[in-house]
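Engineer: I have a structure I would like to understand better, so I am pasting it below and will then ask my questions one at a time.
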Amino acid sequence: MSGTKTKATGAPETGSGETTERRLNMIEAINDALDIMLQRDDDVIVMGEDVGYFGGVFRCTAGLQQKHGRTRVFDTPISECGIIGVAVGMGAYGLRPVPEIQFADYIYPGLDQLISEAARLRYRSATEYIAPMTVRSPFGGGIFGGQTHSQSPEAIFTHVAGLKTVIPATPYDAKGLLISSIEDNDPVIFFEPKRIYNGPFSGYYDKPVKAWKTHPDSVVPEGYYKIPLGKARHVTEGDQLTVLTYGTMVHVAEAVCADKGVDAEILDLRTLVPLDIEAIEKSVEKTGRCMIVHEATRTSGFGAELSALVTERCFYHLEAPVERVTGFDTPYPHSLEWAYFPGPVRIGDAIDNLLKD
Amino acid sequence: MINQIYSNKGDKLKGRQLPIMYSSREHSFFTISGNLATQTPQAVGWAMASAIKGDSRIAATWVGEGSTAEGDFHSACTFASVYNAPVILNVINNQWAISSFSGFAGAERTTFANRAVGYGLAGLRIDGNDALAVYAATQWAAERARSNKGPTLIEHFTYRAEGHSTSDDPTAYRSAQEREEWPLGDPVNRLKKHLIALGEWSEEQHAKMDEECAQQVKAATKEAEKNGILGHGLHHPFRTMFQDVYEDLPWHLEEQAKQAKREREIKWPGEEPWS
């Protein structure tokens, strides 16, 4: 780890003043957050395809139905439109539903209910009704999921007025951000990077997979804690360049910067809307160089928004054009996954471009 | 209600919705969006929530026969069936969806009430122009829902005598005399005749009620017009454009609100203040 100064999140406030050294992977951390919220708030319900009896295809809801009962945690028909639609009605009633969409790629049948209904309900009813739902969904590639189990559709949602979009990159954050999202009175799209459910991924697909237990942010305290929405996390502090990223790519960018010996300041954005613009401006003004990394397709991706914001707001601090590292504008390939994935070579090229003068 | 139609400064929805998209939580009346059939799974969800909370309240929703073709309606029927939700799904079959006759929603093959069979729901098909039939069927379905016997789909067979909206001209797509030839009659007239035959009502009373209703609407309209009409000023303050998008105003909307404020001062100098 030359050049980067890794900043551990450290012991969080739990309220009780005590922390427990307990290491969880992301799945366990998400399960823990759901369990705590089901316990704390009778209005929280968890539903989705296979989430009840079976506990979810990724096991994020394992054991919750057994513990909290079938009226609080239940299976649904295979109908994303129906899942989001009934969640809107439940929100209007006064519940706080946490629907799971099994894969982000399956969310499209629910888009009308999300965009025209959930996102607009507070506004169109002048606050009489709200849709305080948190839609959890595994997203992103790197698991040989092919075109229908690998997509990163976050920019579809960041484009919608009234929705918040949250993407955790560590077990510690996943728990705290999910609790904040569930308690938030606005509809939240909570995308879980499934490639890092079980361990941080460096992007070197041919190297052995690491487990979370060696990572500092796998320390997840017991009990309730929150991480505020709209606040980025400094993964590393550095002076040479700023990296704006989220989800799986946080870990890929970190590994590549370390390998290249770049003194990078990596910001894990955590929330795309609302965005932590202050942290971004401050960092880019310091480093003068900015690389944006996301797995999603390039054109009209969230990187385009980030690039525009950085250019508009930090132009006179920039010493090189902003670099965007993204997936290609193709459907997510199956057999060519590692040719598609924005891994070390693509990120390395962007770093070289940024630092060449 | 008329303030809402005018989207004026008296509109409690802050001038954000098309006319008649009312909302009244106080009356348990949910605001529809104007998208089609999206309210149907929402009503089922509301009913599921009521059941989850052990509440005795039930939900009812209405959708046109044309919009039953939407996937949302299928989702609503499936969820209602699977969870035995205390909900009444009403299909208002008025035979016309703007210019498309009910056949475009499948009415030439089967009835809308018959859809219930495939979902295992109770299905009723009633004369939607018979007020007593509507009342009886709804009461039966409500009782079923309240006693946890399950959801009911009711097809109200009726006819859209007028155009779809004030900007629609039905003579462009259906015969001009179709309206006169519709055999089941005007529902208000039918109820009137029925009550007169029972000796409970008279032509005079009816005429008087008609007049009173017309006067009431006229008076309310006049009163509402003091709060302005759409496009002629007297709307809610400009800053309300940015409110309620989220519970709290995020920085990007705050910045955009500043721009809107600047534009307002240039476009409408001297008008009512920003806030």
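The values are calculated or read from the model by the stated rules, or taken from the named source; none is laboratory data. Only a predicted model underlies this, so the values are computations on that prediction, with no experimental measurement involved. Heads up, the Cβs are rebuilt from the backbone with ideal geometry, glycines too, and the neighbour counts pull from every protein chain shown. Please note that ligands, DNA and RNA were not included when accessible areas were found on the heavy atoms of the full protein model with its side chains. Shrake-Rupley method; radii C 1.70, N 1.55, O 1.52, S 1.80 Å.
Engineer: Using DSSP to define loop residues, name the GluC sites (Glu not before Pro) in segment B:88-156 whose beta-carbon has at most 15 other beta-carbon atoms within 10 Å.
Structural biologist: Taking segment B:88-156 and a limit of 15 other Cβ atoms within 10 Å, the loop GluC sites (Glu not before Pro) found are B:GLU108.
Engineer: Moving on to the next point. So if we plug the beta-carbon distance of A:HIS317 and B:GLU265 into 1/(1 + (r/R0)^6) with R0 = 22 Å, what FRET efficiency do we get, rounded to 0.05?
Structural biologist: Efficiency computed from Cβ-Cβ geometry: 0.10.
Engineer: Continuing with the same structure: Please report the antiparallel percentage of the DSSP beta bridges confined to chain A, to the nearest 5.
Structural biologist: Counting DSSP beta bridges with both partners in chain A, the antiparallel share is about 20 percent.
Engineer: Determine the share of the protein assembly as shown's accessible area contributed by carbon and sulfur atoms, expressed in whole percent, with a 1.4 angstrom probe.
Structural biologist: Summing carbon and sulfur atoms, their accessible area is 53 percent of the total for the protein assembly as shown.
Engineer: In segment A:204-277, what is the volume of the convex hull around the alpha carbon atoms, normalised per residue and reported in Å³?
Structural biologist: Value for segment A:204-277: 108 Å³ per residue.
Engineer: Name the residue from B:PRO86, B:PHE73, B:ALA107 whose Cα lies farthest towards the positive end of the charge dipole of segment B:1-110, charges +1 on Cβ of Lys and Arg and -1 on Cβ of Asp and Glu.
Structural biologist: B:PRO86
Engineer: Please calculate how many Å² of accessible area segment A:229-355 carries per residue, with a 1.4 Å probe and no DNA, RNA or ligand atoms counted.
Structural biologist: Dividing the accessible area of segment A:229-355 by its residue count gives 36 Å².
Engineer: Right, something else. Please give the direction-averaged projected area of the C-alpha convex hull for segment B:147-192, in square nanometres with one decimal.
Structural biologist: With the hull built on Cα positions only, its mean projection is 5.8 nm².
Engineer: Looking at chain A from every direction and averaging, what is the projected area of its Cα convex hull in nm²?
Structural biologist: 17.2
Engineer: Hey, rough spin-label estimate for A:TYR204 and A:LYS282, points 7 angstrom out along Cα→Cβ, what's it come to in nanometres?
Structural biologist: Placing both labels 7 Å along Cα→Cβ, they lie 3.3 nm apart.
Engineer: Moving to a separate point now. Please compute the volume of the convex hull spanned by the alpha-carbon atoms of segment B:195-275 and report it per residue in Å³.
Structural biologist: Residue-normalised Cα hull volume stands at 148 Å³.
Engineer: Would you kindly calculate the translational diffusion coefficient of chain B, applying Stokes-Einstein with the Kirkwood radius from alpha carbon pairs, for 25 °C and a viscosity of 0.890 mPa s, and quote it in µm² s⁻¹ without decimals?
Structural biologist: It diffuses with D of about 112 µm²/s by this estimate.
Engineer: Calculate the length of the line joining the C-alpha centroid of segment B:70-119 to that of segment A:162-177, in whole Å.
Structural biologist: One Cα centre to the other: 39 Å.
Engineer: With all protein chains present, calculate the accessible area of B:ASP210 using a 1.4 Å probe and round the result to the nearest 10 Å².
Structural biologist: 80
Engineer: Using protein chains only (no ligands, no nucleic acids) and a 1.4 Å probe, work out which residues of segment A:109-125 have their accessible area cut by at least 40 Å² relative to the chain alone.
Structural biologist: A:ASP112, A:GLN113, A:GLU117, A:ARG122, A:TYR123, A:ARG124
Engineer: Arranged from highest to lowest average of other beta-carbon atoms within 10 Å per residue, in what order do the peptides B:189-195, A:153-159 appear?
Structural biologist: Ranked from most to least packed, the peptides come out as A:153-159, B:189-195.
Engineer: How large is Rg over Rh for the protein assembly as shown, taking Rg from the Cα atoms and Rh as the Kirkwood inverse mean of 1/r across Cα pairs?
Structural biologist: When Rh is taken as the Kirkwood radius, the ratio is 1.03.
Engineer: Right, here's the next one. Which value results when the Cα radius of gyration for segment A:118-227 is divided by 2.2 N^0.38 Å?
Structural biologist: Dividing the Cα Rg of segment A:118-227 by 2.2 N^0.38 Å gives 1.24.
Engineer: Measure off 7 Å from each Cα along the Cα-to-Cβ vector at B:LYS226 and B:ARG146, then give the distance between these two points in nanometres to one decimal.
Structural biologist: Label-label distance for B:LYS226 and B:ARG146, simple model: 4.0 nm.
Engineer: Moving on to the next point. Based on the mean of other beta carbon atoms within 10 Å per residue, what is the order of B:76-85, A:79-88, most packed first?
Structural biologist: Highest-to-lowest ranking by the protection proxy: A:79-88, B:76-85.
Engineer: Any idea what the dipole of segment A:147-304 comes to, in debye rounded to 20, about its Cα centre with Lys/Arg Cβ at +1 and Asp/Glu Cβ at -1?
Structural biologist: Approximately 360 debye in magnitude.
Engineer: So, one more: Over the residues of segment A:8-196, compute the C-alpha Rg and express it relative to 2.2 N^0.38 Å.
Structural biologist: In units of the 2.2 N^0.38 Å rule of thumb, it is 0.98.
Engineer: Another question, then. Sorted from largest down, give the three principal axis spans of the alpha carbons of segment A:221-357, whole angstrom values.
Structural biologist: 44, 41, 30
Engineer: Given a 1.4 Å probe and no ligands, DNA or RNA in the count, how much accessible surface is buried by A and B, both sides, to the nearest 100 Å²?
Structural biologist: That pair hides around 3800 Å² of surface in total.
Engineer: How many percent of DSSP beta bridges within segment A:229-355 run antiparallel, rounded to 5?
Structural biologist: The antiparallel proportion sits near 20 percent.
Engineer: Another question, then. Given charges of +1 on the Cβ of Lys and Arg and -1 on the Cβ of Asp and Glu, with all other atoms neutral, how large is the dipole of segment B:32-184 about its Cα centre, in debye to the nearest 20?
Structural biologist: I would put it at about 700 debye.
Engineer: Where the convex hull is taken over the Cα atoms of segment B:32-184, what is its projected area averaged over directions, in nm²?
Structural biologist: For segment B:32-184, the mean projected area of the Cα convex hull comes to 9.2 nm².
Engineer: Have a look at B:LYS12, B:LYS208, B:LYS149 and tell me which one the Gaussian network model of chain B (Cα, springs below 10 Å) gives the largest fluctuation.
Structural biologist: B:LYS208
Engineer: Something else: Calculate, for chain B, the solvent-accessible area per residue in square angstrom, rolling a 1.4 angstrom probe over the heavy atoms of the protein chains.
Structural biologist: 57
Engineer: Identify the residues of segment B:77-114 with backbone N under 19 Å of a label point that sits 7 angstrom from the Cα of B:HIS194 along the Cα-to-Cβ direction, or state none.
Structural biologist: The answer is B:91-94.
Engineer: Can you give the extra length, in nm with one decimal, that the chain gains between A:ALA62 and A:THR299 once fully stretched, where that is 0.36 nm per residue apart less the Cα-Cα distance?
Structural biologist: Full extension of this stretch gives 81.6 nm more.
Engineer: Could you state how much accessible area B:TYR6 has, in square angstrom rounded to the nearest 10, with a 1.4 Å probe and all protein chains kept in place?
Structural biologist: Answer for B:TYR6: close to 50 Å² accessible.
Engineer: In a Gaussian network model over chain B where Cα atoms closer than 10 Å are linked, find which of B:GLY54, B:GLY64, B:GLY228 has the largest mean-square fluctuation.
Structural biologist: B:GLY54
Engineer: Looking at the protein assembly as shown, send over the antiparallel percent of its DSSP beta bridges, to the nearest 5.
Structural biologist: 20
Engineer: Here's another thing I want to ask about it. What nm value, rounded to one decimal, do you get for the distance between A:ASP357 and B:MET209 when each label is placed 7 Å out toward the C-beta?
Structural biologist: 8.2
Engineer: What number comes out for the charge environment of A:ARG313, summing +1 per Lys or Arg and -1 per Asp or Glu over other residues with Cβ under 10 Å away?
Structural biologist: It works out to a net charge of -3.
Engineer: About the Cα centre, and with charges only on the beta carbon of Lys, Arg (+1) and Asp, Glu (-1), how big is the dipole of chain A? Nearest 20 debye, please.
Structural biologist: Approximately 340 debye in magnitude.
Engineer: Next question. Want the number for B:LEU184 to B:THR240: 0.36 nm per residue separation, take away the alpha-carbon distance, what's left?
Structural biologist: The B:LEU184-B:THR240 span can extend by a further 15.5 nm.
Engineer: Still on this structure: How much net charge surrounds B:ALA122 when only the other residues with a Cβ under 15 Å from the Cβ of B:ALA122 are counted, with Lys and Arg +1 and Asp and Glu -1?
Structural biologist: +3
Engineer: Going from most exposed to least, what order do A:GLU237, A:GLU183, A:GLU192 have by accessible area with a 1.4 Å probe?
Structural biologist: Largest accessible area first, the residues go A:GLU237, A:GLU183, A:GLU192.
Engineer: Sticking with this one: I'd like the mean, over residues of B:242-252, of how many other protein chain beta carbons sit within 10 Å of each residue's own Cβ.
Structural biologist: Per residue, the average neighbour count from other chains is 6.
Engineer: Principal axes first, then extents: for the Cα atoms of segment B:78-140, list largest minus smallest coordinate on each axis, whole Å, largest first.
Structural biologist: 35, 28, 18
Engineer: What residue among A:ALA320, A:LEU306, A:CYS257 has its Cα farthest toward the positive end of the dipole of segment A:229-355, where the charges are +1 on Lys, Arg and -1 on Asp, Glu, each on the Cβ?
Structural biologist: Comparing the listed Cα positions along the dipole, A:LEU306 ranks first.
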